[in-house]
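First the structure, in the form of structure tokens, and then the observations on it.
Every number here is computed from the coordinates shown, using simple stated rules; none is lab data. Predicted, not measured: the structure shown is a model, and the values here were computed from it. Methodologically, a virtual Cβ is constructed for each residue, glycine included, from the backbone with ideal geometry; neighbour enumeration extends over all protein chains shown.
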Amino acid sequence: MHSLKFNMSNLLQEIQKRKTFGIISHPDAGKTTLTEKLLLFGGAIQEAGAVKSNKIKKGATSDFMEIERQRGISVATSVLAFEYKDHKINILDTPGHKDFAEDTYRTLTAVDSVIVVIDVAKGVEEQTEKLVKVCRMRNIPMLVFINKLDREGKDAFDLLDEVEQKLGLHVTPLSWPIGMGAEFQGIYNIWENNIQLFLEDKKQKVGEAIKIEDVNDPKIDELVGEKAANALREEIELTTSVYPEFDREAYMKGDLQPVFFGSALNNFGVRELLDAFIEIAPMPQPKESDKRIVEPEEEKFSGFVFKIHANMDPKHRDRLAFVKIVSGTFKRNENYLLVRENKKMKFASPNAFFADKKEIVDESFPGDIVGLHDTGNFRIGDTLTAGEVMSFRGIPSFSPEHFRFINNDDPLKAKQLAKGIDQLMDEGVAQLFTMEMNGRKIIGTVGALQYEVIQYRLEHEYGAKCSYEPINIYKACWVEADEKSDEFKEFARLRQRFLARDKYDQLVFLADSSFTITMNQEKFPNIKLHFISEFRNED
Ligand code: G4P
């Protein structure tokens, strides 16, 4: 009894220590740079340049070395963990490249909060809009970091307006820039009431924050000059009348987003961001399953697969499945249930992730990510439990943007091709649709790059050859309807050439234009078409 009690409080402590989050941004806003600076604070790395950018270089479409390089990097940077002020912080990497947006969406199911990085000169960009939309759908708490304050950028008020309008957020600044670009002098930290001066010659170094009473403190005039001090006072007064006070509960519910300003490259404003983050960001949160809400502090382990990485060495086809722990303690060599397959599995060498390495661990806790070696059992969205039959919900699948028929180019290798396609789809590289009418297979992707990746990997890892054929599809719409109704039967009869099944056997309507969708909705009002599905965990 005694030991159980001890473990329980130990588990609670471990949960309270953890913050698992993702950084989202449009490419080039500074996600990699910020990540690196956060790791430096955690002492997880010693020098800048240690975090490799996961960016796809320009013109990479036909450069397979580049694709492999990217895969290598994304394994290494999938989870970056470090300790800071008694907290264990897990950063989940989210690819910025739009062709890998689906990967990012899935990773967002495993974070408890998000930091949105925005370039002060460019403002809100397309990819940020898309990703924030997904976070808003799930009410994920978000912090905003406005980056590159050392450059000329937009006026802070205009920028916050843009953030509210384009991203649909409600912001409140917790820090405020003193000047910008060439005039940039530092940051007034509203949250902690201090000033950090930006000294160009002290680049890369973090100066001590200078404590002040409030914005009227005459010390500010001494530090930045009377003119800048007065401008700051006016602006702060305006912010207090325009923006609401910070309210943690509203932030936690996704209703209010605090904003910080800084320059990741100059390591400026990053400590303020991190300190506020560990204070306000949520610890691992409960998660809904098809049966019930699962609380992190429950004794029994549960978790779900949000990412699968194929081995870089094509000769060894084992994969690494990334599992987010939702509840209890995950233990090495313990028997767990892969719910979808009703299969007991144990893992002799689960990996935990650190800043620049992975290591075998005996125990992991809610909020943590473990990497499990897998020979093809796992599928994205799978639930693992200590025995309970339940499935976590909420790994969505979005309509792809591109569609092509896939053909087998080597009849002797049909099996290899089928297996390869199957496994690549399990990894979430793309989506497979099988036409109802004739069984032809269609691959749907977010970006054109994936077709090359698939072709290359099928050949190199499975020894299969494929080619593609164009098909005119605008969107995949998941069909929600009463399949016994006369309306559905009529719909199925008229649209049979456009109906397919996804990998989970859900019915999909492959519409060739937005006009077709509108027409369909008018003609068949009870047949609902969705651009988003959730992976069904049960077969
Ligand atoms: P990403 O991961 O969001 O795509 O962006 P990344 O951190 O790679 O940053 C993109 C570019 O912006 C990099 O320059 C980086 O040095 C620069 N940058 C990041 N933060 C700041 C900042 O606070 N101020 C300024 N002035 N620049 C910043 P690059 O020239 O594209 O790459 P690199 O050769 O410097 O790595």
(message) I'm checking a number: the convex hull volume of the Cα atoms of region 458-539, normalised per residue, in Å³. What is it?
(response) 131 Å³
(message) How big is region 166-272 along each principal axis, measuring the range of its Cα positions in Å and listing the largest first?
(response) 40, 29, 25
(request) Just the number, please: Stokes-Einstein D of region 101-242 in µm²/s, Kirkwood Rh from C-alpha pairs, 37 °C, 0.692 mPa s. (result) 199 µm²/s
(message) How big is the dipole moment of region 132-238 about its Cα centre under a simple scheme where the beta carbon of each Lys and Arg is +1, that of each Asp and Glu is -1, and everything else is neutral? Debye, nearest 20, please.
(response) 780 debye
(message) Calculate the FRET efficiency for Asn526 and Phe405 from the Cβ-Cβ distance with a Förster distance of 25 Å, rounded to the nearest 0.05.
(response) 0.20
(message) With 10 angstrom as the radius, rank Leu40, Leu238 by how many other C-beta atoms surround their C-beta, starting from the fewest.
(response) Leu238, Leu40
(request) For region 236-361, just run the numbers: alpha carbon Rg, then divide by 2.2 N^0.38 Å, N being how many residues it has. (result) 1.48
(request) Using R₀ = 30 Å, calculate the FRET efficiency as 1/(1 + (r/R₀)^6) where r is the Cβ-Cβ separation of Asp221 and Ala121; round to 0.05. (result) 0.55
(request) Rounded to whole Hz and in sequence order, give me ³J(HN,Hα) for region 473-482 from the Karplus expression 6.51 cos²θ - 1.76 cosθ + 1.60, θ = phi - 60°, writing x for Gly and Pro. (result) 10, 8, 8, 9, 10, 6, 9, 10, 7, 7
(message) Under the 0.36 nm per residue contour assumption, what length would be gained going from the current alpha-carbon distance of Asp505 and Arg136 to full extension?
(response) 130.0 nm
(request) Would you work out which of Leu274, Phe488, Ile210 lies farthest towards the positive end of the dipole of the chain, given +1 charges on the beta-carbon of Lys and Arg and -1 on that of Asp and Glu, about the Cα centre? (result) Phe488
(request) Can you tell me the dipole magnitude for region 206-361 around its Cα centre, using point charges on the Cβ only (Lys, Arg +1; Asp, Glu -1), in Debye to the nearest 20? (result) 1940 debye
(request) Taking the dipole about the Cα centre of region 420-498, with the C-beta of Lys and Arg at +1 and of Asp and Glu at -1, give me whichever of Ile454, Asn472, Thr434 is farthest to the positive side. (result) Asn472
(request) Return the calculated 222 nm mean residue ellipticity for the chain, to the nearest 500 deg cm²/dmol, obtained by summing -39500 (n - 2.57) across DSSP H runs with n ≥ 4 and dividing by the residue count. (result) -9000 deg cm²/dmol
(message) For the chain, what are Rg and Dmax over the alpha carbons, in angstrom?
(response) 25.0, 82
(message) Using each residue's phi in region 487-500, evaluate 6.51 cos²θ - 1.76 cosθ + 1.60 at θ = phi - 60° and report the 3J(HN,Hα) Karplus result to the nearest Hz, with x for Gly and Pro.
(response) 4, 5, 4, 5, 4, 5, 5, 6, 9, 4, 6, 10, 9, 9
(request) Pop out the ³J(HN,Hα) list for region 412-422 in order, Karplus 6.51 cos²θ - 1.76 cosθ + 1.60 with θ = phi - 60°, rounded to Hz; leave Gly and Pro as x. (result) 6, 10, 4, 5, 4, 4, 4, 5, x, 4, 4
(message) Are there any trypsin sites (Lys or Arg not before Pro) in region 212-253 that are in a DSSP loop and have at most 15 other Cβ atoms within 10 Å? List them by number.
(response) Lys253
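Output the antiparallel fraction of DSSP beta bridges having both residues in the chain, as a percent to the nearest 5.
Numbers: 78 of 100 bridges.
If I count the DSSP bridges inside the chain, around 80 percent turn out antiparallel.
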(message) How much length would be gained if the chain were fully extended between Arg233 and Ala448, taking 0.36 nm per residue of separation minus their Cα-Cα distance, in nm to one decimal?
(response) 72.4 nm
(message) With 10 angstrom as the radius, rank Tyr462, Tyr474 by how many other C-beta atoms surround their C-beta, starting from the fewest.
(response) Tyr474, Tyr462
(message) Which lysines, if any, have their Cα less than 27 Å from the Cα of Lys523, not counting same-chain residues under 8 positions apart?
(response) Lys475, Lys484, Lys489
(request) Please state, rounded to one decimal and in Å, the Kirkwood hydrodynamic radius that region 394-445 gives when every pair of distinct Cα atoms enters the mean of 1/r. (result) 12.0 Å
(message) Test of understanding: what is the full-extension gain from Glu245 to Lys291, defined as 0.36 nm times their sequence separation minus their Cα-Cα distance?
(response) 12.8 nm
(message) Going by amide H atoms built from the backbone, whose H comes under 5 Å of the H on Ser397, apart from near neighbours?
(response) Ser533, Glu534, Phe535
(message) Give me, ordered by chain and number, the residues 5 or more places off Leu256 or on other chains with an amide H under 5 Å from its own placed amide H.
(response) Tyr251
(request) Using only the alpha carbons, work out the radius of gyration and Dmax of region 395-539 in angstrom. (result) 15.7, 48
(request) Round to the nearest 0.05 the FRET efficiency obtained for Asp486 and Glu192 when R0 = 60 Å and r is the Cβ-Cβ distance. (result) 0.35
(message) For a quick check: sort Phe261, Phe498, Phe301 by the number of other beta carbons within 10 angstrom, fewest at the front.
(response) Phe498, Phe301, Phe261
(request) Determine the dipole magnitude for the chain: charges of +1 sit on the beta-carbon of Lys and Arg, -1 on that of Asp and Glu, nothing else is charged, the reference point is the Cα centre, and the result goes in debye to the nearest 20. (result) 2200 debye
(request) Could you pull out the pairs from Lys331/Lys413; Lys253/Lys358; Lys37/Lys98; Lys88/Lys331; Lys253/Lys300; Lys88/Lys300 whose alpha carbons sit more than 29 Å apart here? (result) Lys331/Lys413; Lys253/Lys358
(message) For Gly376, what residues show an amide H to amide H distance below 5 Å, using hydrogens built from the backbone and excluding near sequence neighbours?
(response) Arg319
(request) Translational diffusion coefficient, Stokes-Einstein: compute it for region 97-151 using the Kirkwood radius over C-alpha pairs as Rh, at 4 °C and 1.567 mPa s, and state it as an integer in µm² s⁻¹. (result) 108 µm²/s
